[in-house]
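The values are calculated or read from the model by the stated rules, or taken from the named source; none is laboratory data. Quantities reported herein were computed from a predicted structural model and do not represent experimental measurements. Glycine gets a Cβ as well: all are built from the backbone with ideal geometry, and neighbour counts include every protein chain shown. Ligands, DNA and RNA are stripped out before the accessible areas are found, and what is left, the full protein with its side chains, is counted by its heavy atoms. Shrake-Rupley method; radii C 1.70, N 1.55, O 1.52, S 1.80 Å.
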Amino acid sequence: MGFILGIESSCDETAAALVSDTREIRAQRIASQDDAHRPYGGVVPEIAARAHAERITPLVQATLADAGMTLDDVDAIAATAGPGLIGGVMVGLVTAKALALASGKPLIAINHLEGHALSPRLADATLEFPYLLLLASGGHCQLLLVEGVGRYRRLATTIDDALGEAFDKTAKIIGLGYPGGPAVERMAAQGNAKAVPLPRPLLGSAEPHFSFAGLKSAVLRAKQAGIHADADIAAAFQQAAVDCVIDRTRRALGQASGATALVVAGGVAANKAIRAALEALASAHGLRFVAPPIALCTDNAAMIAWAGQERFGTGQSDPLDFAARPRWPLDPAAEPVRGAGVKA
Ligand code: KG4
Ligand code: ZN
């Protein structure tokens, strides 16, 4: 059994994990920076980079100690090399390079999105390629046909905001703290989704993509109207988001023949309403539904170590001069889409 040390630092979680090629998560630690960013209502890149730099070395040491292992016991060192907030990415990647250099073990530079995309296979050994993946996080909202390790076909992306971003902005508008997604979900459970009419951008559209900017603006107008309970706004927003996600995913299923399962990953995959709606959609199409446990949906290093295992297993590693990438699309061949705030 071979272990890989994984390191994640692309946003506001500093994380390290040791994962075996048999899917055992032997140890993992996550240091959240929520308290440092909360006063600003969102992640401040400079604060994030400094916090990663302070924490990462002791965190790696503690993770190895938890497992009773040293670098001698690992096969390779995997770290997120992008996309993400570049200061934080550089801290994790340079740390991994230093550990690789000192130990003589290979470096594996991981695309953070590939970490999310393969995380369902860490959770479920029976999940085979190809599968249709909804990857929804704070920076991305994409439907991908995952054909194999390193083989991703993007069927849809957002033309403006990411889905997690829409949750976070809704949280801000109705005065919930940071991070917003879990807070909106909790408040939505107390509200009536039908009490506030909200739009469903691109619902039924012939184009495949997502759009959430109009929904966010409508949430702002609903709040400013001053006549709705915050819980009703949260519930209505979440329902509108679910309806958009299901409509777009149903459309993509039509282009994903051969898919063995419908899969969701990324931070927003922690949302129970979205999971339940996708599960129902999968079963209506006679497909399996796979969602990693919630702790593997939000940013973590186990998924980075696992993506390292998947790539290492096919003989891949990366040179020590691998550069950190602020942008790094999973499907470089995908057509650019219209829209101002397009995220790859
Ligand atoms: O994957 P992730 O941890 O970090 C990125 O790579 O972006 O995703 C974070 C995003 C945030 O926007 C957060 O609000 C959202 O995932 N999120 C949720 C939930 N938990 C996290 N959104 C909706 N419901 C949740 N329970
Ligand atoms: Zn992420």
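Rounded, prolate or oblate: which fits the chain, taking a ≥ b ≥ c as square roots of the Cα gyration tensor eigenvalues, rounded meaning a/c under 1.5, else prolate when a/b beats b/c?
Prolate, because a/c is 1.5 or more and a/b exceeds b/c.
When a/c is below 1.5 the answer is rounded, else prolate if a/b is larger than b/c, else oblate, so apply that to the stretch 1-49 with a ≥ b ≥ c taken from the square roots of the Cα gyration tensor eigenvalues. Note, shape of the stretch 1-49 comes out prolate.
Using the beta-carbon distance between ALA225 and LYS272 and R0 = 25 Å, what value does 1/(1 + (r/R0)^6) give for FRET efficiency, to the nearest 0.05?
Working: r = 28 Å, r/R0 = 1.13.
Result of the calculation: an efficiency of 0.35.
Need the full-extension length gain, ARG338 to HIS285, defined as separation in residues times 0.36 nm minus the C-alpha distance. One decimal, nm. Each step should come with its number before you reach the end.
Values: separation 53, 0.36 × 53 = 19.08 nm, distance 3.01 nm.
Length difference between fully extended and current span is 16.1 nm.
Principal-axis analysis of the Cα atoms of the chain puts helix 302-313 at an angle of about 60° to the longest axis. Remark: accessible surface ordering of MET187, MET1 (largest first) is MET1, MET187, probe radius 1.4 Å. Under the criterion of Cα pairs below 8 Å and six or more residues apart, the relative contact order for the stretch 1-110 equals 32 percent.
Working from label points 7 Å from Cα in the Cα-to-Cβ sense, the SER257 to THR22 distance is 4.1 nm. Taking the Cα atoms only, what angle lies between the long axis of helix 213-225 and the longest principal axis of the chain, rounded to 10 degrees? The answer is roughly 60 degrees.
Under the definition of Cα pairs under 8 Å and six or more residues apart, what whole-number percent is the relative contact order of the chain? Mind showing how you got there, number by number?
Numbers: 782 pairs, mean separation 82.2, N = 344.
Result for the chain is 24 percent.
Spatially, the stretch 14-38 and the stretch 111-163 are offset by 20 Å when compared through their Cα centroids. Taking GluC sites (Glu not before Pro) across the stretch 112-182, the ones in a DSSP loop with at most 13 further Cβ atoms lying within 10 angstrom of their Cβ are GLU128.
So, for the stretch 1-116, what is the accessible surface per residue at a probe of 1.4 Å, expressed in square angstrom?
38
The label point for ARG186 and the one for ALA102, both projected 7 Å from the Cα toward the Cβ, are 3.9 nm apart.
Each peptide among 174-186, 58-70 gets the average number of other Cβ atoms lying within 10 Å of its residues, and from highest to lowest they stand as 174-186, 58-70. Working note: Karplus 6.51/-1.76/1.60 with θ = phi - 60° gives the stretch 294-300 the couplings 4, 5, 8, 7, 6, 4, 7 Hz, where Gly and Pro are set to x. Between the stretch 266-344 and the stretch 199-244, the alpha-carbon centres lie 24 Å apart. Quick check: from the Cα gyration tensor, does the stretch 2-155 come out rounded (a/c under 1.5), prolate or oblate? Cα axes put the stretch 2-155 in the oblate bin. What a 1.4 Å probe finds exposed on the chain is 54% carbon and sulfur by accessible area, rounded to a whole percent.
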